[in-house]
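The values are calculated or read from the model by the stated rules, or taken from the named source; none is laboratory data. Everything numeric here is computed off the predicted structure, so don't read it as measured data. As a convention, Cβ positions derive from the backbone with ideal geometry for all residues, glycine included, and neighbour counts pool all protein chains shown.
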Amino acid sequence: MKAIAVTPMMKDSLRIQDQDVPKQARNEILLKVQKVGICGTDRDIISGFYGEAPAGDNYLVLGHESLSRVSELGRSVRGFKKGDLVVPTVRRNCPENCVNCKAGESDMCLTGHYFEHGIKGLHGFAREFAITDASFVVKLPESLSDVGVLLEPMTIVEKGMLQTFLMQKARMKKWKPVKILVLGAGPVGLLATALLRVKGLDVDTVATRSEESLKAKLVEQTGSKYINSKVSPLSSLENKYDIVFELTGNTGVALEAQNLTGVNGVVSYLGVYMHEQETEDAGKIYTNLVLGNRIQFGSVNANKSYFTQGVKDLLAIRKRWNGFLEKMITTSVGIEQFGNAYTPQSQEEIKAVIEFGK
Ligand SMILES: [Zn+2]
Ligand SMILES: [Zn+2]
């Protein structure tokens with residue numbers, strides 16, 4: 001069968017590679033892959049910044065955002081049947097099985113020795129068939145067969161949002177957020193915008209595209225305000241927001257983000273930043289944190305509970321705004337055109353998807 005693979009840490013080694021159909025162990029499911037979504041993580045691996053082959057292999061099959069059907073079940077697997085529409089989570093427990101991994105929160109792994117499909121030590125889902133541990137697989141209703149590949153990006157939103165709300169409720173008896181800022185209108189930013197609107201919050205979403213762009217239109221479809229940061233600089237938004245979600249991965253924006261929250265505000269960082277950076281006035285940042293009771297926190301990866309919640313919220317978004325999720329998938333190609341999925345095809349691209357079958 002065909003698999004899309006790289007030699008980890010080697011720039012531009014992306015290729016189609018032949019692989020045997022894997023055989024599921026007793027606790028595993030054989031997945032017939034339907035779709036794989038592409039994001040910056042895949043592009044970083046292709047650029048040779050990170051990525052790790054499974055033990056004994058010198059290549060890594062890509063793909064952590066996926067949608068599959070159950071093809072075969074290991075002997076001890078219960079609760080699934082052939083043909084079920086499913087999405088596996090990305091991360092698997094560390095070999096030490098640290099307290100958090102053991103508790104089902106491998107997203108909070110203490111050792112850093114965890115595995116991640118398509119990223120670190122486990123082959124991904126960008127292949128015709130894949131296997132994974134059944135206890136990390138979530139079922140989806142048939143109605144999400146076209147957009148269920150957006151579940152993994154949705155879980156990044158779910159975790160950032162739940163943790164923000166839990167922290168604020170722990171800090172204040174009467175916390176009631178009103179105005180939220182989303183920095184970035186890529187897939188995660190758009191999903192965050194929609195989910196915050198489902199929750200009835202007042203949302204502003206910032207990106208660098210024009211007001212005529214698809215991103216701007218999708219933001220406005222949810223009743224959020226679209227702000228083009230080339231026209232309205234971020235500094236005009238200071239002290240306005242109860243929560244800021246930072247998704248751009250831009251260090252300058254990340255530094256500015258904390259000036260945009262009001263007192264008792266939170267910045268949730270969900271992007272990954274280059275290490276070299278211009279340093280702003282660190283004194284101002286820390287003084288603002290203290291004098292405004294502000295918090296900043298980072299969040300990465302998501303455990304199964306966020307995938308389960310994400311299914312419910314994808315359904316809620318679809319019910320509220322017809323066509324919103326479908327329009328986010330701007331590029332969809334077959335496996336032979338895989339190159340077109342990993343290189344953005346236009347300025348309007350939001351999410352590119354490779355179709356592996358039906
Ligand atoms: Zn991703
Ligand atoms: Zn662990």
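Couple of notes before you dig in:
- Of 230, 284, all but one fail to be assigned to a loop (DSSP other than H, G, I, E, B) and farther than 30 Å from residue 319 by Cα; the exception is 230.
- From 289, 218, residue being in a helix (DSSP H, G or I) and within 29 Å of residue 346 (Cβ to Cβ): 218
- Cross-chain or 6+ apart pairs with Cβ under 8 Å, segment 23-39 first and touching a residue at least 40 places away in the same chain (Cβ under 8 Å), then within 16 Å of ligand 2 (Cβ to nearest atom) and of a type in the set (A, V, I, L, M): none
- Here segment 182-202 is the region considered, the condition is being free of Cβ contacts under 8 Å to residues at least 60 places away in the same chain and surrounded by fewer than 24 Cβ atoms within 10 Å (Cβ to Cβ), and the residue that is farthest from residue 310 (Cα to Cα) is 202.
- Within segment 27-61, tally of residues that are within 16 Å of ligand 1 (Cβ to nearest atom), among the hydrophobic types (A, V, I, L, M, F, W, C) and under 16 Å from residue 131 (Cα atoms): 4
- Any chance residue 138 is closer than 28 Å to residue 350 by Cβ, free of Cβ contacts under 8 Å to residues at least 60 places away in the same chain and either within 16 Å of ligand 1 (Cβ to nearest atom) or not in a helix (DSSP H, G or I) (or both): no
- Flag if residue 136 is within 17 Å of the chain's Cα centre (by Cα), at pLDDT 95 or above and of a type in the set (Phe, Trp, Tyr): yes
- Among the candidates 151, 140, 144, residue that is closer than 13 Å to residue 313 by Cα and surrounded by 23 or more Cβ atoms within 10 Å (Cβ to Cβ): 151
- Of all residue pairs spaced 6 or more apart or on separate chains, those with beta-carbon atoms under 7 Å, a first member in segment 146-157 that is in contact (Cβ under 8 Å) with a residue 40 or more places away in the chain and a second member that is within 16 Å of ligand 2 (Cβ to nearest atom) and outside any helix (DSSP H, G or I) are 152/90; 155/302; 156/302.
- Members of segment 63-76 found to be more than 16 Å from ligand 1 (Cβ to nearest atom) and in contact with an Asp or Glu (Cβ under 7 Å, 6 or more places away or on another chain), listed by number: 69, 70, 74
- Restricting attention to segment 83-97, the residues that are in a loop (DSSP other than H, G, I, E, B) and over 13 Å from the mean Cα position of the chain (by Cα) add up to 7.
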